[in-house]
Structure formats: structure tokens, C-alpha cells
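Notes for the one structure printed next.
The values are calculated or read from the model by the stated rules, or taken from the named source; none is laboratory data. Predicted, not measured: the structure shown is a model, and the values here were computed from it. Cβ sites come from the backbone with ideal geometry, for glycine too, and all protein chains shown count toward neighbours. Just the protein is used for accessible areas: all its heavy atoms, side chains included, with ligands, DNA and RNA removed. Shrake-Rupley method; radii C 1.70, N 1.55, O 1.52, S 1.80 Å.
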Amino acid sequence: MEINDYQKAALRTANSDKSKDLILNGVLGLCGETGEVADHIKKHLFQGHELDKDQMINELGDVCWYIAILAKGLNVDLETVMKKNIDKLMKRYPNGFEKERSLHRKDDE
């Protein structure tokens, strides 16, 4: 599946087409879903639970859904969001991640 096709399919289940609603729902939902991902990891690392990879995949899918609607609320497609992120990372770490570059990077990088 192409990323923008995913976004279109995800938007089919958004409960509003208003930018303000998509942004607010996207941000709040993203906070909630990333919290659920963190909770699964916490339970695995500190409470003896098995890491349920299928459940983690489901939660990551929910994170993707909220990112898709948030991006739509910002009037941008997911491919553009992802490309801008890779461009930023290529500039920040042209040779791949380097600890020294991370420790001494400027705020605008």
C-alpha cells in the first residue's frame, strides 16, 4: 500500500472533515495512542508481561491513523510529511546517526 493511499483510506473513518476538528482529534488521539504503546512497553519491562507484538502492531496502526488525520487537518499528505522528515535527517546526519553530531547539534538542526 502506498502511504497516501493509506491516508485516503484512513480518512474514510474520520468523523469530521473540518481542519480544526482533524487537528484537535489527531493531536489528542496521538497522545493517547502513544501512551498505550508506552504502557505496553512499561508492562513488559517492569511488570513481567510478555511483549504482545500483535497488540503493539495494532497500537502502531492506531498511531498511524491519528497521524493521517492530523496531516489532513494541516492540509498535507503523508508522503510530504515523511519526505520532509527524511530530508531533515539527511541534513542532520549525512553519514547516518553519529553520537557526536547528536550531542553537539544546533537547535535549528
| Residue in the stretch 85-103 that is within 15 Å of the chain's Cα centre (by Cα) and at pLDDT 95 or above present | yes
| Of all residues making up the stretch 25-54, the number that are part of a helix (DSSP H, G or I), free of Cβ contacts under 8 Å to residues at least 24 places away in the same chain and either under 18 Å from Lys72 (Cβ atoms) or open to solvent by 100 Å² or more (accessible area, probe 1.4 Å) (or both) | 6
| query | Pick from the stretch 83-101 the residues that are open to solvent by 100 Å² or more (accessible area, probe 1.4 Å) and either among the hydrophobic types (A, V, I, L, M, F, W, C) or touching a residue at least 12 places away in the same chain (Cβ under 8 Å) (or both): which of them is nearest to Lys42 (Cα to Cα)? | reply | Phe97
| message | For the stretch 7-24, give me each residue that is open to solvent by 60 Å² or more (accessible area, probe 1.4 Å) and under 20 Å from Leu60 (Cβ atoms). | response | Lys8, Arg12, Thr13
| query | Of the conditions (1) open to solvent by less than 70 Å² (accessible area, probe 1.4 Å); (2) acidic (Asp, Glu); (3) touching a residue at least 40 places away in the same chain (Cβ under 8 Å), Asp62 fails just one. Which one is it? | reply | (3)
